1. So how do SER288, SER172 line up by other beta-carbon neighbours within 10 Å, fewest first?
2. If you average the sequence gap of Cα pairs under 8 Å that are 6 or more apart and divide by the length of region 117-232, what percent do you get for the contact order?
3. Which value in nm describes the separation of the simple spin-label points at GLN271 and CYS83, placed 7 Å from the Cα toward the beta carbon?
4. Using a cut-off of 14 Å between alpha-carbon atoms, which aspartates and glutamates can reach LYS420, once sequence neighbours fewer than 8 places away in the same chain are excluded?
5. List nothing, just return the count: lysine pairs in region 117-232, 8 or more apart or interchain, with Cα separation under 14 Å.
6. Can you list the trypsin sites (Lys or Arg not before Pro) in region 67-109 that are in a DSSP coil and have 16 or fewer other beta carbons within 10 angstrom?
7. Please arrange ARG230, ARG141 by how many other C-beta atoms lie within 10 Å of their C-beta, fewest to most.
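Any read-out appearing in this document is the output of simple, stated calculations on the displayed coordinates, not a laboratory observation. Please read all numbers here as calculations on a predicted model, not as lab measurements. Using ideal geometry, Cβ is built from the backbone for each residue, glycine included, and neighbour counts are taken over all protein chains shown.
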Amino acid sequence: MTFKYAKSIEDVGSWTFEVVNNSFSLDDKCASYFEVQQKQLSYEAFFEHFDSENRQFLNTHFQQLINHNTPFVVECVIGSGACEKVIRLSGVACEVSSKGEVTKISGIIRLYTNDLNSKFRQGVILNILDDLAIISISNTRGEIIYANKLFCEVSGYEQEELLGNTHAIVKSGMHPNEFYKKMWQTISEGRNWHGEVINKKKNGELYYVDAHIYPVLNFKQEISEYIAVRFDITEKKMREQDELVRAKFQMMGETSAQIMHDVMNPLTIIQMSLDLLDYQVKKGVPVSLENLGKKVSSMRDSTLRIRTIFSNMKDLLSNKQDVEDMDLYECVHKAIEISSLRLGKYKIPADVEFCQSQYDVEFNFQQLLQVLINLINNSIDAIDSLPEKWIKFSVVDHGNYLVLSITDSGQGIDPSLHKKIFQSLFTTKAKDKGTGLGLPICKRIMENYGGKIEINVKSSNTQFDIYLQKNLSLLKAA
């Protein structure tokens, strides 16, 4: 592309440099950028428009081009104070002697604006985005320096209340500290971050956002600001939660027969023991202390069994979300116990290949229980008609994480479905069996607690790996 054509499609200036004459020639646009009347400048006069740091930085690139014919594109600053401008300057050799020496260089300069707030109000596309998305800009300390109208409307805060504060002003407390720590680490390293965040309005109501955070780099490739673009997905999340509640009650409906059976068995034992004791007392039949002790012990065991059944149902329906130190073995076994009816119906053994109290993690017991039950039910649906049926749970140490693997006897998942399988409303099951929300909800739960869930593509069977953060405080104490 020629410089003339580049200038016709974009607001840029052009320049040339004669190596032998040590002279720059600027066009009108470049001269206006440098605020000079004279369009012929010496090498030294040209570089006087840059501060010492930019001058040294740019001189290195010019010398590389002159001596080694190395083109360059750089961003740098001209002027100072209120007159400071950010430019993108490119250079390339346009004439080379028969000896291979660069004799003439040409290039273009594009002027940037430093006023990012005004950038959001320029152009049709950005104006539309400003209406559709919650947008904010923060400095490197995380302090909000720009908040658009939608941010104020959704959060309930006035712009004056947001400016100067960090985004902790809308922090809900629903995510563990590790969640925010990883977010900050990612953007501090100059990488974009994307995830779902639960925030809190000024009136205390929670709202959900699909958040994208972009670090802004200056001409030195240092982070100068962070731009956050967020979309309100509260209604979508409410629908998902309604479906989750429905799915939980559907699961309870499927297990209601087992619950009745499990409760009636110990109740029958209690009733029979009491009836026998009542008969013996009324008839004056002697009762030995040994037999009486056995009956009391049997009734106590039956009572504990009933309590365990209802405790499991309470855990399954709980919405508690706090992070806690928990025994992974205990959670896996409770998930198997709750799923025992379906496992027994299809004669599917579920084996745990690690020991009790061997692994402690930082998570939420009920939330992880929900993930495990969903994975167990998915496995049952996938393998119930196979000649070989089994489910196994195993753990591998992975640095600061434990990887809990749930493997079944299935032959894996079609690679073409790997990306789709975690998308909302996508399901390979029949309509009466799946909602397409189970795995997406599992993925969200894992990410909310600083973990993740993946399909293990190396396994010859169907295997899901879930990454759980270790209880680091217990590790340090050990």
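1. SER288, SER172
2. 25 percent
3. 9.8 nm
4. By straight Cα distance, LYS420 reaches GLU454.
5. 4
6. LYS99
7. ARG141, ARG230
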